[in-house]
Structures are given as structure tokens and as C-alpha cells.
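Single-structure report; data block below.
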Amino acid sequence: MEGPVIPLGDGYEARPISFGAYRDACARLEGRIFGGNWLYAFGPPAKPPPPLGETFQWGLYHGEDLIGWHHAHQQGERTVYMADTGILPEHQGRGLYSRLLPHVLAVYRQAGYTLVQSHHRATNNRVIIPKLRAGFFLQGLNLYEGGLNVALTLSLDETYRGAMHVRSGFRQAVGETARRLGLNVVDLGEAPAATMPRVPMPETGGEGLDLGYGYTLHRVATDIYRDVYARLEDAAYSSVSFDWAATEQVATPEVPRWNWLIAHGGEVAGWQSSKQWDARTAMMSNTAFLPRHRGKGLYTRLLPFVLDALKAEGYSLVRSHHHATNNAVLIPKLRAGFRIQGLQTDEHGVMAVLIHAFDPVYRDYMDARSGLTRPRGEVARRLGLDLGEDEA
């Protein structure tokens, strides 16, 4: 492969290598890099692998020491597949993956690819987070010999990127995206700028919790939260939900709820509502910030307060659902320790299901289920596995 040498800082760089050199590096180092994963051993393959098409390989070096690699190959007429990236454990946690990504993506764009795809263990947040930050979207889950994988796709075409938002229900179909989807959407021209409503912060009888930069968090009664929500819902959301076109026929069961309003300058800036999901799980069911208060790190600063409150109530797990392409929420959730656990389609669209476990044993269990780690110790015991002394 022809390609540039990529400086990564701190004495690291990525150098183009041949496919043969990449395979040799795998044979020598993959045990040290991936030895803790949990794979199913199929045995020798019965068929030769299909041809890879165009390939891309870089060796990752620290000085003159090979400490990892990146390999990708063509997959179809418009897709390049990021098939394998490995870094020795002693060089992980230094931001190498995040620094490498924009460089290799630029190479794939220049080579003429439209889509970049990859798969990762569903609980491997150390890789999933930089991928989402680089613009990849969660596109699916698959169960394979290595465990449970998430499928990620980056569109280098902005129109198709818009179509992914439409599919998830996060955005409405307009313009060229609508045309490519076969929708004859009436062009109403440039809509006048909407006047954002301003709702005074209700009296809560306290100063609230400090979220920084003039923002405070206040626990409120459910009726107050619902009143504010009804007044600001249209201003807070641009997603597209299914209209049931009928009132609810069955009364919603009453469950414990926790409602907070976020205040700024004496006005409501956003809200968070959680409720009981089952005997050991709380559900973060609704969080929103008005547009003028977004992009200020509020969600990241809010999360610890909500999680601490739900943990204090005795819940073991916290669940949440988000549009699969809503990276602005998925990234802080994953950083806070949530794990991707599923995808579901409901009236709001295609939703990612996230779970946060307060119990470290259950967090290890999720890693074992995804194949990121082998079941050992207490996890193995709770799964009823009678392991030998070398694995227990």
C-alpha cells in the first residue's frame, strides 16, 4: 500500500506497511493485544476467504518499536471496512486511536469511498466513543463468534448522513435527502426563525444544585414538570415520532418518578425525568435542553447528579433510550459508564438501549456477554461456571 507516514505525537507515528507485514505483526503481537477477549474456536476454515480488494495498512510505531497496527479493506463498490486495529496494552490509554482516526479517514475519502464501516464489542467504550466523536453512527448489533458487536458507519456524503438521521427518527426528511429517499416533500421555502418561548423558573423553595456557569438543578413535583414540559416540548425537540392519532385507552400505571428542572437566569433551560422501570432498574426517560443552552456540557455535568440520586434510591441499573444517531447524547452517556445493550424500534424511531450498572460485577458480566473479556472470578461463579484454577 502507498500512503503517508502519519505523525501521532509523543514519539508515535503510523507508517504504511504491506499486507504481508501486517499479517506478520498480527501473528507476533495479537496474543498480547487481544488475549483477554472471549472467542469461539471454530477450528480450521473449510473455505478460502473472499478476495479483499483494495487494502490499507499502517504499522503503529513508538520510535522504532512496532506497537500496533491498523488494517482496512474494500467492501463493495462504495465502502471501506476498518477491519482491525490493535495497540499493545502498555501503549493504550494515550489517545492514539483518537489521533489516528482523522488521518486514515482522510485517506479513505481521498481514495473515493463514500462509507466507512467497522464492528466493535458492544461494551468496548474505549473504541466506540472516539468513533462516535469522529462522526460514526450506531447502525446495528450482531451476535458472532467473538460475542456481541456494534456496527458503526461513517458517511462521507452529507446527504446520506442526513438520511441516517431520517431513518432513526432524529430528523425530518427535507431537501436532497428527501428526494434521494423517494419522497416528494413540498418545499415551503425558508421558514421564519422561531421565537423560543421563555418560561420563568417555578418556585422550588431552594437554591438547587450547582451545575456551573449559572445553571442550577432543582427537584420538582411531577405536575410542575409536566406543565413545563407541555409548554416547551415543541421548542426542545426536532425529532419525528409516530402520531398514534388517538388518545390513550389504558391508564398508565403509577410508578415512582424523579423530576428535575434546570434553571438559568431565572428561566427554565431544560429538564430531566426518571421513573422506575422494574424491581431493580430506573429509567432515565426524558432529558432536554432548549436550543440556546446546548453545546455547553450541561448533559455531562447533569449525569452524575441523576445517577447518584437513583443509586441512593436503591436501584442496581439505570436504563435509557436514545435515537441511534444522536451522538450528542450517546457520547456523554458512554463516558459516564453506560453500555450499548440493544436497538429497538418504537414510536420515536430506531432507539439505542443503554444500561448503566452500579454493581461492578454486573459491569464485568456485560463485558463477558459481549466477548470483550472472559468470564472469571465472581462473574464466572454467578454464571454457574466451574472453571479450572488457571482461569478462576
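Readers should treat all values here as calculations from the given coordinates under stated rules, not as data from a laboratory. Since the structure is predicted, the reported quantities are computational estimates derived from the model, not experimental observations. Cβ sites come from the backbone with ideal geometry, for glycine too, and all protein chains shown count toward neighbours.
A few notes on this one:
- The count of lysine pairs in the chain that are at least 8 places apart or cross chains, and whose C-alpha atoms lie under 22 Å apart, stands at 6.
- Chain lengthening between Thr281 and Phe19 when straightened (0.36 nm per residue, less Cα-Cα): 89.6 nm
- Helix-only mean residue ellipticity at 222 nm for the chain, each DSSP H run of n ≥ 4 adding -39500 (n - 2.57), per residue, nearest 500: -9000 deg cm²/dmol
- Protection proxy ranking of 143-153, 119-129 - average other beta-carbon atoms within 10 Å, highest first: 119-129, 143-153
- Dipole check for the chain: with +1 at the C-beta of Lys and Arg, -1 at the C-beta of Asp and Glu, and the Cα centre as origin, the magnitude is about 180 Debye.
- From the coordinates shown, Cα Rg over 2.2 N^0.38 Å corresponds to which of [x] 1.07; [y] 1.12; [z] 1.01: [y]
- Net charge dipole, the stretch 209-370: roughly 580 debye, given to the nearest 20, about the Cα centre with Cβ charges of +1 for Lys and Arg and -1 for Asp and Glu.
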